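The structure under discussion appears below in the form of structure tokens.
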Amino acid sequence: MLNTFLKSRPVLPRARVGRICRFVGQVGNLRRVGNPPFDVCAWPPCAGCQPARRIPSCPTKVALLAALLVTAGTLAAQQVVGPTPDTTGSPRGDSMGDYNVTQSFEFGYRFKSVGGDEGMYRSVDNIGNGLRLLGSNFTINSKDGHGRWFDEILLNTIGLGNDNYQAAVLRIQKNNLYRYDMTWRLNAYYNPGLTVAGGEHLMDTTRRLQDHNLVLLPQSKIRFNLGYSRDTEDGPALSTALEFDAAGSAYPVFSNVRRQWNEYRLGADADFAGFKLTVLRRWDFFKDDTPFTSAGVFAAGTPIDQTVVQQFQRSNPIHGSNSGWLGNLFTRRKRWGVNARVTYTSGRSDFALDESVMGISQFGGAGSRQIVVGGQANRPDLAGDFSLSLFPTERLTVVNNSSISSNRIDGNSSYSEVNPSTNLGTTIYFQYLGILTLTNSTDVNYRVKKWIGFYGGYHYSDRHIRTIDGSAVPAFANSFGAFQFDVSNHVNSGTAGVRIKPVAALTINLGGEVARAYHPLTPISDKNYHAINGRVEYRLKRLQLSTTYRQVYDLNPPLSFSTFSSHSRQYSANASWAPKDWFSIDASYTKLHLDTMDGLAFFAGPVGGRSTLQRGDSSEFVSNIHGANLGIRWGIGKRADLYLGYSITKDTGDGRATAVPATVTDPLQVLLTSVQTFPLTYQSPLARLSIRITPKFRWNAGYQFYGYGEKFHILGYDQDYHAHTGYTSVLWSF
């Protein structure tokens, strides 16, 4: 879900992802003060940066990501100016023998003009110039449902030709014999990472995804399923590596991303005695053969650092497979219902990393380093759910659900780092990771009267985690030592709420939850939290009004090394009014507030000096996001349709005038203070005109403006931009 909206809708959240990547990378770039390096990764949606080895916990990143997730679902209402949603031709289609045909194709030209940071524009909106098939819809349906070879063909496409985000959906079916479904997507992603490691992080990759599903005997009581899915990613990328000193600089390394995933499926569905049974067998295969190279790179901006990376090579192949089973049994009777589901995956992964580097060390001497990581692991995963629903009366519903989840990584792997010039090194072994989670919940829903009902529930979960690793000293025989770590925690929560319908058009829903967790796994895990929420909805003919409120407050009491608290509030209002068939208006407003505070522990030190563990600092983050959308659709006469829209998202932060107050002078505090809040504005007005020339032909034109501005610029780098985009097209059917 998150990946879809980030790659298809030009709204703030994706811009915020860029900020997250850049901030995370900059925290990683405390390399000058001793933090570990970051590598390019393919984590959707941001394909940004992840720790190559170890990074201190940074709750500000978590807070940013939380704000992103909430914003994603709320502000995705903004429309893209093209393609046009209007149609041509008869809604009933045209007759061709025994079939009925509907079709429309929109062919046009997109244009753009960008000012400011074009790299940021490409990572957020990424609309380019050129001709393309903006969209198409094509259907063929048998008139009597008894076609010779097929009874239905459906084909929909978006952006084929030149768009950075393209898609096609195809369905072919014949009643009682087969149904074939195919989806294909292409996502061209660009992440400049300009504020990460001095501009030394970059990704310009393309992902191609396809899914194929074939159902045999789709209308019978026994159905057979076959499927295939494929996901590939390729393109250039730039990352950094730390050589040769843990407190030294990071140096750019180049990579040619090559990742591939394939899945094969075989299964069956059966209906018998009121039960529905599904059985599916699945085989997954994954491989990553991305190489990394670099040569002749000098330390940048550090006069006292004489390090030169003369030769860098890293081979890091990862090949894995997952074979698994899925089973589901479902029935619904008058007084009871059962839903049982189980999945099992037996995964296996083989991996190896061989990194060698040669050059000149920090103080001018010869430098060399070699890292070898290898091993194989089995990853058996089991998940099961059993849900029992009881309906003793028409007004009472009781649902009990029990679940089990077992995830293990079992196998031998080793990490070895060697300095060839001194023959000194160390090896760390990893053997086992296991996570077992048991949950149970009971929910009751009782409708007292037709206009009022109550609901409540009790939920419990218990999780146990075990790890086994070890280390060895090469100079001493049999020096291996194993270490086992166990931790468990459980959560108790209760929910309650009421649904009220005082009149037919009005619905009110109020609810809340209180939870207590014992021995949370991490300082930012849920501990003592509560949530309240409410929704009011009014529907009357052509008018729809709704408003919602939700608040979540989480407090973790002080631990021996850290504390954490977070508070979020969300308000929203939506209105839709269509007084006439030719006129409609839609409007929405959302406010999202988030503040978090957590303790920090990390390594830092002066440039060229040794790093020390820093404690006692805190990470604070405050966000106040306001989002509004307005859309007006107006039919002008019988031939023209006009759409006007405006979307604005504004984060006012905590109200401060500057990123770092003048009273803050310590270099470390300057950095931490500068990333506590990110006030910015993102707005996009648009207009689209569609004129019907003939019943089967339309001319369309649209314009959309994108404006992105940051009040504070991280490390002084200005990522603001503005862009004028638009298109003209013809939409026809024949």
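No lab work stands behind these numbers, since they all come straight from the coordinates. On a predicted model such as this, the values are computed, not experimentally measured, just so you know. A quick note on method: Cβ atoms are made from the backbone with ideal geometry, for glycine too, and the neighbour counts reach across all protein chains shown.
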Counting only residues that are surrounded by 15 or more Cβ atoms within 10 Å (Cβ to Cβ) and part of a strand (DSSP E or B), the stretch 641-683 contains a total of 14
How about the stretch 119-160: which of its residues are over 29 Å from Asp720 (Cα atoms), assigned to a loop (DSSP other than H, G, I, E, B) and hydrophobic (A, V, I, L, M, F, W, C)? Trp149, Phe150
How about the stretch 501-521: which of its residues are surrounded by 15 or more Cβ atoms within 10 Å (Cβ to Cβ), outside any strand (DSSP E or B) and touching a residue at least 40 places away in the same chain (Cβ under 8 Å)? Lys501
For the stretch 374-418, which residues satisfy the criterion of being within 17 Å of Ala352 (Cα to Cα), under 31 Å from the mean Cα position of the chain (by Cα) and among the β-branched types (Val, Ile, Thr)? Ile409
In the set Leu644, Leu671, Leu689, the lone residue that is in contact with a helix residue (DSSP H, G or I) (Cβ under 8 Å, 6 or more places away or on another chain), of a type outside the set (Val, Ile, Thr) and over 22 Å from Gly115 (Cα atoms) is Leu671
Name the one entry in Leu680, Leu630, Leu644 that is within 21 Å of Leu134 (Cα to Cα) and in contact with a strand residue (DSSP E or B) (Cβ under 6 Å, 6 or more places away or on another chain). Leu644
Select from the stretch 481-500 the residues that are surrounded by 17 or more Cβ atoms within 10 Å (Cβ to Cβ) and more than 30 Å from Thr467 (Cα to Cα) and list them in ascending order. Thr495, Gly497, Arg499
Name the pairs: first residue in the stretch 661-684 and within 27 Å of Ala628 (Cβ to Cβ) and without any contact (Cβ under 8 Å) to a residue 40 or more places away in the chain, second residue part of a loop (DSSP other than H, G, I, E, B) and of a type outside the set (D, E, K, R), Cβ to Cβ under 7 Å, at least 6 apart or on different chains? Pro679/Thr652; Pro679/Gly653; Pro679/Phe712
